[in-house]
Amino acid sequence: ILNVEQSPQSLHVQEGDSTNFTCSFPSSNFYALHWYRWETAKSPEALFVMTLNGDEKKKGRISATLNTKEGYSYLYIKGSQPEDSATYLCAFFGGGGNKLTFGTGTQLKVEL
Amino acid sequence: DGGITQSPKYLFRKEGQNVTLSCEQNLNHDAMYWYRQDPGQGLRLIYYSQIVNDFQKGDIAEGYSVSREKKESFPLTVTSAQKNPTAFYLCASSIARAPAYYGYTFGSGTRLTVV
């Protein structure tokens with residue numbers, strides 16, 4: 001079973017703060033790294049699919065970077081808003097399996 | 001709108017009974033997946049199917065069974081052999097020809113409680 005780790009486990013920030021989370025994954029047999037946002041009572045929603053070392057993706061105030069050689073990805077949120085409150089999941093595709101392996105997620109709470 | 005429908009949202013069953021969770025998609029996706037979530041753990045893969053009439057075991061397949069008779073449907077049966085069936089179950093689908101490179105689409109989940 002592949003090991004995908006996310007940190008921190010949870011995070012409380014104030015509205016307007018910028019924040020970032022980390023996802024660590026195996027650096028061998030890499031195909032892709034996915035980020036999902038999972039709001040309470042909703043379905044997980046795909047944010048980014050990253051495939052190349054050095055990839056940077058951006059969607060509004062959210063961006064992500066990828067380092068496949070050292071096996072990590074960062075997700076950044078600039079100027080956090082209450083609607084950003086959710087659990088952010090990363091998932092690794094590779095390691096010889098034809099499927100995604102998920103991390104345990106980072107739970108973000110943005111307070112007014 | 002295209003999407004994945006899981007039903008029911010909440011399910012209660014007595015210990016020792018088999019129960020089937022429904023997952024239907026109208027996205028024309030070839031691949032479908034079942035994940036389980038427990039408190040403090042990441043989503044763990046139970047079974048997946050990349051084509052009709054074919055499926056593979058995931059990391060925690062023991063005590064579960066699936067079928068894929070139609071492209072749109074991938075039901076999961078939780079059998080009495082599953083020792084800890086109480087959990088949140090998520091169904092997902094993706095484009096099969098390059099699943100790594102396309103984000104998965106998820107249903108809204110079924111919370112199963114065995115009493």
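The values are calculated or read from the model by the stated rules, or taken from the named source; none is laboratory data. Since the structure is predicted, the reported quantities are computational estimates derived from the model, not experimental observations. Please note: Cβ atoms are built from the backbone with ideal geometry, for glycine as well, and neighbour counts cover all protein chains shown. Only protein heavy atoms, including side chains, enter the accessible area calculation; ligands, DNA and RNA are left aside. Shrake-Rupley method; radii C 1.70, N 1.55, O 1.52, S 1.80 Å.
Points to keep in mind about this one:
- Each residue in the range A:80-96 was checked for being within 23 Å of B:G40 (Cβ to Cβ) and part of a loop (DSSP other than H, G, I, E, B), and 2 pass.
- Enumeration of residues in the range B:61-85 that are under 27 Å from A:N3 (Cβ atoms) and modelled with pLDDT under 95: B:Q82, B:K83, B:N84, B:P85
- Of the criteria (1) within 11 Å of chain A (Cβ to nearest Cβ); (2) in contact with a Pro (Cβ under 7 Å, 6 or more places away or on another chain), which one B:A96 fails: (2)
- Annotation: of all residues in the range B:1-39 being surrounded by 12 or more Cβ atoms within 10 Å (Cβ to Cβ) and not in a strand (DSSP E or B), the one that is nearest to the other protein chains (Cβ to nearest Cβ) is B:G3.
- Residues in the range B:59-75 that are in a loop (DSSP other than H, G, I, E, B) and among the hydrophobic types (A, V, I, L, M, F, W, C) were compared, and the one that is most open to solvent (accessible area, probe 1.4 Å) is B:I60.
- From the list A:E15, A:E70, the one residue that fits, being touching a residue at least 60 places away in the same chain (Cβ under 8 Å), open to solvent by 20 Å² or more (accessible area, probe 1.4 Å) and of a type outside the set (A, V, I, L, M), is A:E15.
- The range B:40-58 - residue that is closer than 23 Å to A:Q107 by Cβ and surrounded by 14 or more Cβ atoms within 10 Å (Cβ to Cβ) and, of those, farthest from the other protein chains (Cβ to nearest Cβ): B:R44
- Near pairs, Cβ below 9 angstrom, 6+ apart or cross-chain, from the range A:85-107 (within 11 Å of chain B (Cβ to nearest Cβ)) to any residue that is basic (K, R) and open to solvent by 30 Å² or more (accessible area, probe 1.4 Å): A:T87/A:R37; A:L89/A:R37; A:F93/A:K99; A:T101/B:R44; A:F102/B:R44
- Residue that is surrounded by the most Cβ atoms within 10 Å (Cβ to Cβ), among those in the range B:99-115 that are part of a loop (DSSP other than H, G, I, E, B) and within 7 Å of another protein chain (Cβ to nearest Cβ): B:Y104
- Residue match in the range A:25-43 (condition: under 20 Å from A:Q81 (Cα atoms), without any contact (Cβ under 8 Å) to a residue 24 or more places away in the chain and assigned to a strand (DSSP E or B)): no
- B:Y35 at pLDDT below 95 and within 22 Å of A:F48 (Cβ to Cβ): no
- Residues located in the range A:1-12, provided they are open to solvent by 20 Å² or more (accessible area, probe 1.4 Å) and part of a loop (DSSP other than H, G, I, E, B): A:I1, A:L2, A:N3, A:P8, A:Q9
- Restricting the range B:87-104 to residues that are of a type outside the set (G, A, S) and modelled with pLDDT under 95 leaves a set whose member that is nearest to A:F30 (Cα to Cα) is B:Y101.
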